[in-house]
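Worksheet for the structure shown next.
The values are calculated or read from the model by the stated rules, or taken from the named source; none is laboratory data. All values reported here derive from a predicted model rather than from experimental measurement. Every residue, glycine among them, receives a Cβ derived from its backbone with ideal geometry; neighbour counts consider all protein chains shown. What goes into the accessible areas is simple: the full protein's heavy atoms, side chains included, and nothing from ligands, DNA or RNA. Shrake-Rupley method; radii C 1.70, N 1.55, O 1.52, S 1.80 Å.
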Amino acid sequence: MVVLAASICTKGGKAVLSRQFHPMTRTRIESLLASFPKLIPANSQHTSVETAEVRYVYQPLEDLYILLITNKASNILQDIDTLHLFARVVSDMCKTVEEREIQRQSFELLGAFDEIVSLGYREHVNLMQVRSVLEMESHEEKIQDIIARNKEAEAKEELKRRARQLEMQRREQQKRTAALGGGGGGGSYLGGGASGYSPVPKYEAPDAPTARTASPAPAAASRPPNFKTGGMKLGSKKTRQAELLDALGGEVLAVEDMSTPPTPIPVEPPTQIQKDARGSLPTVTPESVHVVVKETISVSLLREGGIKSMQLSGDMNLQVADPSNAHIRLALAPFSTDFGSDLQFKQHPNVAKFVPNQEKIVALKDPSRGFPVGQALAVLKWRYAGQDESYVPLSINCWPSPSNDGTCDVNIEYELEHDHITLYDVVISIPLPAGSYPTVSDASSNWSLNPSTHALDWSIPQISADERSGTLEFTVGGDDVGAFFPVKVAFVAQGSLAGIEVAKVTRVSGGEEVVFSSDAVVSAEEYVVL
């Protein structure tokens, strides 16, 4: 087989990326690619076409074509296998198979193409080997990085040692100044009295200005000028120390004081940490029987409408605080969202399975045993994976409209699709074209510019059934519609998307109802509009 070129082009024959493995002019390759779409027969199932000079082996890649241009004597089976490897490499290296993304990754893709084909002949490599070569891990480079980090650490330690030495010299100078100041007060027999005559209290005082204040005025006036000079030198040393601390970036500030005990750092209570992790969700006061439902959702929506993928996973945790309530059973309420058989359940090994066409009960297989006391137990788990758009909790519609003046009007709208959940701390992040800044028409909207991602973050404190929708409009420079995607959404929600809810808790023996509390939280692991 002889591969003349590997190319990616649009359906109109415009070259997006091309790598020639034999000498070929740009005009020649552009002419071959321009004539390629015209050679494809309508409603054909073949993946190759031929001309009098070359053969095209091609494969659709969403809105593009990836193709190999070979001579007619080439082995077509090997060419098809090579083409599939090229397609897998492109899909692996590009987040989305679009013209913009391919051009952004063009340098890496050309390097990968050279690893697959050399001088027109296929190399014996697979996708993992190509990926390993492109990572270019070097043992020598790692060693040099370790040496550089060790040198940097040694330099920081030396700076810390110098800082400690300067601190010790400063304290010694303070003590000497305090002692000499106390001696001057004792030398003035008439002014100092008994307290000025004894230097011991002045020596123990760590602060030099305190010793000067305690000494009488005549003694302070009779001090030789050289003590004043010593005080000025002390100030200059302090300035050099401050410069050294600034150069260290504040790392030496953690060094403990030699003369005073360290100040204890207050530790935040665990309840405060849990509250921060929940965001703005209302707090729930746990009863002796407390049920926690946690769900995680990952959704990829399409900008034209529809859904690419959705995954929902959840678990129910039971915590019993009172041993008298260990022998209980939980009755689940009818599901508010009908997932049908698509929702798969999995119970704890000691928990009985659900009985078909009956009330769903969570109870131990052995009625004589009780649930653990004082610790949470995951009694039930569930999972859903599919492409049903009716299960999506929040729909997002981002509509960029380019104008003739080089700007783009962007309208973005959200709507809550399920009334049994309430969303909190919602942030909708819309990426912006590089170097452009938005002008928002609605002054009442809560938005900010994220400098790390150069995106507009639209914040909504709460989305509920009472206020289920909202819109935001802004104008920004640029006419590339694809620059505003992917739109990312982050939130926490109260409720259960799967509709899992405990209706009542009863004792195994007797059937008396037990007071219980429940908390249902949904977190968005990944929520994007592609």
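With respect to the numbered conditions (1) in contact (Cβ under 8 Å) with a residue 24 or more places away in the chain; (2) farther than 20 Å from Val16 by Cβ; (3) in contact with a helix residue (DSSP H, G or I) (Cβ under 8 Å, 6 or more places away or on another chain); (4) not charged (D, E, K, R), which one is the sole condition not fulfilled by Val117?
Answer for Val117: the failing condition is (2).
Does Val487 meet the test of being at pLDDT 90 or above and out of contact with any Ser or Thr (no Cβ under 9 Å at 6 or more places or on another chain)?
No: the conditions fail for Val487.
Can you tell me which residues in the stretch 313-359 are farther than 21 Å from Val521 by Cα and among the basic types (Lys, Arg)?
Answer for the stretch 313-359, where residues must be farther than 21 Å from Val521 by Cα and among the basic types (Lys, Arg): Arg329, Lys353.
Looking only at the stretch 90-104, filter to residues that are crowded, with 16+ Cβ neighbours inside 10 Å and within 21 Å of Lys11 (Cβ to Cβ); which one of those is modelled with the lowest pLDDT?
Val97
Could you tell me which residue of the stretch 320-344 is nearest to Val502 (Cα to Cα), considering only residues that are free of Cβ contacts under 8 Å to residues at least 60 places away in the same chain and surrounded by 15 or more Cβ atoms within 10 Å (Cβ to Cβ)?
Val320
Would you mind stating whether Val49 is open to solvent by less than 40 Å² (accessible area, probe 1.4 Å) and closer than 13 Å to Leu68 by Cα?
yes
For Val130, indicate whether it is within 30 Å of Pro486 (Cβ to Cβ) and either open to solvent by less than 70 Å² (accessible area, probe 1.4 Å) or touching a strand residue (DSSP E or B) at 6+ places or on another chain (Cβ under 9 Å) (or both).
So Val130 fits the description; yes.
All but one of (1) on the phi < 0 side of the Ramachandran plot; (2) at pLDDT below 90; (3) open to solvent by 60 Å² or more (accessible area, probe 1.4 Å) hold for Asn357, so report the exception by its number.
(1)
Please go through the stretch 4-35 and pick out each residue that is touching a Cys at 6+ places or on another chain (Cβ under 7 Å) and either touching a residue at least 24 places away in the same chain (Cβ under 8 Å) or within 17 Å of Leu119 (Cβ to Cβ) (or both). Quick ask: steps written out before the conclusion?
In the first step, residues of the stretch 4-35 are kept if they are touching a Cys at 6+ places or on another chain (Cβ under 7 Å); the result is 15-16, 33.
Scanning the stretch 4-35 gives Val16, Leu33.
Which pairs do you get when a residue that is charged (D, E, K, R), found in the stretch 422-449, comes within reach of a residue that is part of a loop (DSSP other than H, G, I, E, B), reach meaning Cβ atoms under 7 angstrom, with the pair 6+ apart or on two chains?
What qualifies is Asp425/Gly279; Asp425/Ser280.
Inside the stretch 382-403, can you point out the residues that are loosely packed, with under 15 Cβ neighbours inside 10 Å and in contact with an Asp or Glu (Cβ under 9 Å, 6 or more places away or on another chain)?
Ala385, Gly386, Asp388, Ser390, Trp399, Ser401, Pro402, Ser403
Limited to the stretch 422-446, what total is found for residues that are modelled with pLDDT of 90 or more and closer than 19 Å to Phe484 by Cα?
Total satisfying the criteria: 7.
If you go through the stretch 404-419 one residue at a time, how many are closer than 30 Å to Val392 by Cβ, open to solvent by less than 60 Å² (accessible area, probe 1.4 Å) and not in a strand (DSSP E or B)?
1
Hey, does the stretch 145-163 have a residue that's under 30 Å from Pro486 (Cβ atoms), in contact (Cβ under 8 Å) with a residue 12 or more places away in the chain, open to solvent by less than 70 Å² (accessible area, probe 1.4 Å) and assigned to a helix (DSSP H, G or I)?
No, the conditions are met nowhere in the stretch 145-163.
Of Phe107, Phe86, which residue is open to solvent by less than 20 Å² (accessible area, probe 1.4 Å) and either assigned to a loop (DSSP other than H, G, I, E, B) or of a type in the set (Phe, Trp, Tyr) (or both)?
It is Phe86.
With the condition kept exactly as written, say whether any residue in the stretch 5-15 is closer than 18 Å to Leu83 by Cα, open to solvent by less than 30 Å² (accessible area, probe 1.4 Å) and charged (D, E, K, R).
No, the stretch 5-15 has no match at all.
If the requirement is being more than 30 Å from Asp338 (Cβ to Cβ), open to solvent by less than 20 Å² (accessible area, probe 1.4 Å) and part of a loop (DSSP other than H, G, I, E, B), which of these qualifies: Ser452, Ser436?
Ser436
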